[in-house]
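The values are calculated or read from the model by the stated rules, or taken from the named source; none is laboratory data. From a predicted model like this one, the values you see are computed outputs, not experimental measurements. Neighbour counts are summed over all protein chains in view; Cβ atoms, including those assigned to glycine, are modelled from backbone coordinates with ideal geometry.
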């Protein structure tokens, strides 16, 4: 039976559920990543990451209001989520923060630092499998 206009189809509800599962939520989850994880620090970004046994990469953010207004923080989150979906392997918990105000960070710098984070991640996973 076709979906009725204006109602959520099962597939969109499933996609929303998958998006919720891909979020790192709660003090305990963040605390575990901070306690057990490794850190990457760039000029603009700081990324803390730890392996998880879920087979899905979960993403959390730690960006205070002093770093930018809600519109800027939400745009930053959307763009970083897109990078993580496209480039990160499954099975990670990642917390992303910023070190300088969002208005002072060109998107090019975020992409470059995220690429450096990816290189570090590959080198660490390559050295652990040897």
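Is it true that residue 47 is at pLDDT 95 or above and under 11 Å from residue 98 (Cα atoms)? Spelling it out, residue 47 is indeed at pLDDT 95 or above and under 11 Å from residue 98 (Cα atoms). A single entry from 71, 84, 95 fulfils the requirement of being surrounded by fewer than 13 Cβ atoms within 10 Å (Cβ to Cβ) and either at negative phi or assigned to a helix (DSSP H, G or I) (or both): 71. Counting the residues of the stretch 56-68 that are surrounded by fewer than 12 Cβ atoms within 10 Å (Cβ to Cβ) and touching a helix residue (DSSP H, G or I) at 6+ places or on another chain (Cβ under 8 Å) gives 1.
Checking each residue in the stretch 25-55 for being without any contact (Cβ under 8 Å) to a residue 12 or more places away in the chain and either surrounded by 16 or more Cβ atoms within 10 Å (Cβ to Cβ) or in a loop (DSSP other than H, G, I, E, B) (or both) picks out only 26.
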